[in-house]
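The values are calculated or read from the model by the stated rules, or taken from the named source; none is laboratory data. Just so you know, these numbers come straight off a predicted model, no measurement behind them. Using ideal geometry, Cβ is built from the backbone for each residue, glycine included, and neighbour counts are taken over all protein chains shown.
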Amino acid sequence: MSNSSQPSPLLHVTDLAVSIDACHVVDRLQLALWPGQSWGLLGPNGVGKTTLLSTLAGIRSADQGTIRLNDQPMDRMTRKAIAKKLGMLTQNTRFAFDADCLETALSGRHPHLGSWSGETEGDRMQARAALEQLGLAHLSARSCTQLSGGEQRRLALATVLTQNPDVLLLDEPTNHLDPAHQLEILNCLWRRVKNSARAQFMALHDINLATCYCTHVLMLFGNGRWRAGKAGELLNETMLSELYQCNIRVIQDEQQTVFAIAGPGNP
Amino acid sequence: MPIPGAYRSWFLLALAILLGSSLLFSLAFGSSGWLWPLDPAHHTIVFELRWPRAVAAAITGGLLAIAGALMQVLLRNPLADPYVLGVSGGASAFVLTGFLLGLAWLPVPLLAFCGACISMAIVFVLGRGPGPWSSLRMLLTGVVIAAGWGAIITLLLALGPDRSLRGMLYWLMGDLSYAGLSAWWLLPMLGVTLILALRGRSLNIMTAGETQAALLGENTQRRHLELYLVASLLTALAVSIAGSIGFVGLVVPHLVRLIISNDHRWLIPASALFGASFLVLADTLARTVLSPRQLPVGVVTAIIGVVLFLILLYRSGRHVA
């Protein structure tokens, strides 16, 4: 049993094995997400980042191993209990039926409400605050099917922010977004993790965003091989070149470190 | 553009008034012309013929509209409908087969429920298949199944005794001429509507898709099974009352969506009320338009439904492209 003097990680993964058909995504993965940590999940295309995220969210079963959420085994929790603590932004959000943006964001409150009860004014305020944070307040009465790709992405984020989970899994949160909105969203997520002791775990394609917004990274090399650790220790030329199977150079100035693809002139 | 949320309860009230006036209209108007219901001279016609039939029409309409709305959630497709997907056909075919095999001692709704469940299972398994959702595959599966049941019913009618033929035709097209229900049946109907409306938030979440619904805390497998059983049961009850009446489950929720948005907490009660009024009016039309001859009400709903279905299909095709 957990007690308050000994804190436990928000999400604790032991000996996890995940595979798609015969292809291994991770073998014997050990992972602990502590409050205040922002994890980046890096790996080449098709290595199974989305599959791993779905497994961590409990909507896909693992071959082996256990996942504990707030010190409770996840496979023994109801979906509702999980959704109160853990949220996930999927890669593509499609809205089947028309609803306005406020109603869509409000669906994030679903796990927190009783099955037979309605939303309160407090729930609505949370949804409005999330829309405001993501710069969608002026669209709250607009239908969610009439949004641009970037606006849809931000609406999906507003929904998970309204859900307000301790552990937030994000599958490429910056998809479809221009640089300004990428920064806005990552800053917003970063503040959330730092100021209110949450944890997040996000699949990213942009290494340079990972250097700015991740305290830790998990790298997936394929065939079940993985490395996890502090971002500062793992994000270097050797590791990244091995990870992506191409030459990656580091460029440094006084302000920051940038990783770039080495062109043909730089073997 | 749907009406603002604050006006939704007024819209429900308007629909309730519509249902009341439709019932009154169907009592007063018929093949014997206008009759004032409270005149004792007309008591027999009004209260023993028109009233039970109007109640049966209201209940059948409500059942079909709700069944349609639930199937649309289950299959995540606004074109789903008990008749189009062959669920009503399955229920009818089972009831008829049961009769011919001498199983008439079984309750009709039970036979209909088995048929509806089998039909739904076929559409659900084959029409979904692996991979992403395809409206086209689902509709094709449903339409083919419906045609198959239609053929079986025709065969059964051809094999059956001649004198019962006219009475049995309604399993194919839906007819309220032989139907009559006591007004007490409106109470369980009200109960079902209320329960589903209160669980409307879960229905809303289910329309976002299986993954999203699971992430927001719904036990999707259990919810699917519940939806599947309830939609089959409501269809089966409707078929037991009046045979397979088409397109009510498609037309009614669609029109209601346009006015009241897709929030199922409002959509379900509004569909039930509007579906009930729609079928009461359609049946009044069916028994008066060519009077003294009476048309099966399924003919009237099909004429309206087919046109709207084609418009919807055309518009959804453009959206996909």
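Details
- Residue among A:136, A:220, A:204, A:209 that alone is under 30 Å from residue A:119 (Cβ atoms) and touching a residue at least 24 places away in the same chain (Cβ under 8 Å): A:136
- Odd one out for residue A:44, checked against (1) part of a loop (DSSP other than H, G, I, E, B); (2) within 13 Å of chain B (Cβ to nearest Cβ); (3) within 30 Å of residue A:30 (Cα to Cα): (2)
- Residue within the stretch B:24-38 that is part of a helix (DSSP H, G or I) and touching a residue at least 60 places away in the same chain (Cβ under 8 Å) present: yes
- Residue check for residue A:68: in contact (Cβ under 8 Å) with a residue 12 or more places away in the chain and touching a helix residue (DSSP H, G or I) at 6+ places or on another chain (Cβ under 7 Å): yes
- Members of the stretch A:71-98 that are of a type in the set (D, E, K, R) and touching a residue at least 40 places away in the same chain (Cβ under 8 Å): A:71, A:84, A:85, A:98
- Residue check for residue A:238: among the hydroxyl-bearing types (Ser, Thr, Tyr), in contact with a Leu (Cβ under 7 Å, 6 or more places away or on another chain) and either surrounded by fewer than 17 Cβ atoms within 10 Å (Cβ to Cβ) or touching a residue at least 40 places away in the same chain (Cβ under 8 Å) (or both): no
- When B:15, B:70 are screened for being in a helix (DSSP H, G or I), in contact (Cβ under 8 Å) with a residue 40 or more places away in the chain, over 29 Å from residue B:140 (Cα atoms) and of a type in the set (A, V, I, L, M), only B:15 passes.
- Here the condition is being assigned to a helix (DSSP H, G or I) and modelled with pLDDT of 90 or more; of B:268, B:304, it holds for B:268 alone.
- Criterion violated by residue A:113 - all others in (1) in contact (Cβ under 8 Å) with a residue 40 or more places away in the chain; (2) within 14 Å of chain B (Cβ to nearest Cβ); (3) surrounded by fewer than 22 Cβ atoms within 10 Å (Cβ to Cβ) satisfied: (1)
- In the stretch A:130-149, the residue that is farthest from the other protein chains (Cβ to nearest Cβ) out of those that are surrounded by fewer than 16 Cβ atoms within 10 Å (Cβ to Cβ) and out of contact with any helix residue (DSSP H, G or I) (no Cβ under 6 Å at 6 or more places or on another chain) is A:132.
- The number of residues in the stretch B:174-214 being of a type in the set (S, T, N, Q), part of a loop (DSSP other than H, G, I, E, B) and under 23 Å from residue B:282 (Cβ atoms) comes to 2.
- Flag if residue B:116 is modelled with pLDDT of 90 or more, of a type in the set (A, V, I, L, M, F, W, C), touching a Pro at 6+ places or on another chain (Cβ under 9 Å) and more than 30 Å from residue A:159 (Cβ to Cβ): yes
- Odd one out for residue A:68, checked against (1) at pLDDT below 95; (2) surrounded by 19 or more Cβ atoms within 10 Å (Cβ to Cβ): (1)
- Counted residues, the stretch B:215-233 - those being assigned to a helix (DSSP H, G or I) and either touching a Pro at 6+ places or on another chain (Cβ under 8 Å) or surrounded by fewer than 23 Cβ atoms within 10 Å (Cβ to Cβ) (or both): 13
- Considering the stretch A:242-267, the residues that are among the aliphatic types (A, V, I, L, M) and over 16 Å from residue A:209 (Cα atoms) include one that is modelled with the lowest pLDDT, namely A:262.
- When the stretch A:96-110 is limited to residues that are among the charged types (D, E, K, R) and in a helix (DSSP H, G or I), the one that is farthest from the other protein chains (Cβ to nearest Cβ) turns out to be A:109.
- Positions within the stretch A:47-84 being assigned to a helix (DSSP H, G or I) and at the interface with chain B (Cβ under 10 Å from one of its Cβ atoms), in sequence order: A:54, A:79, A:80, A:81, A:82, A:83, A:84
- Every listed requirement among (1) touching a residue at least 24 places away in the same chain (Cβ under 8 Å); (2) within 14 Å of chain A (Cβ to nearest Cβ); (3) over 23 Å from residue B:174 (Cα atoms) is met by residue B:227 save one, (2).
- Number of the exception - residue B:208 against (1) within 14 Å of another protein chain (Cβ to nearest Cβ); (2) surrounded by fewer than 23 Cβ atoms within 10 Å (Cβ to Cβ); (3) at pLDDT below 90: (2)
- Of the listed requirements (1) surrounded by 12 or more Cβ atoms within 10 Å (Cβ to Cβ); (2) closer than 28 Å to residue A:12 by Cβ, residue A:233 misses just one: (1).
- Test for residue B:94: is it more than 16 Å from the chain's Cα centre (by Cα) and either within 14 Å of another protein chain (Cβ to nearest Cβ) or surrounded by 24 or more Cβ atoms within 10 Å (Cβ to Cβ) (or both): yes
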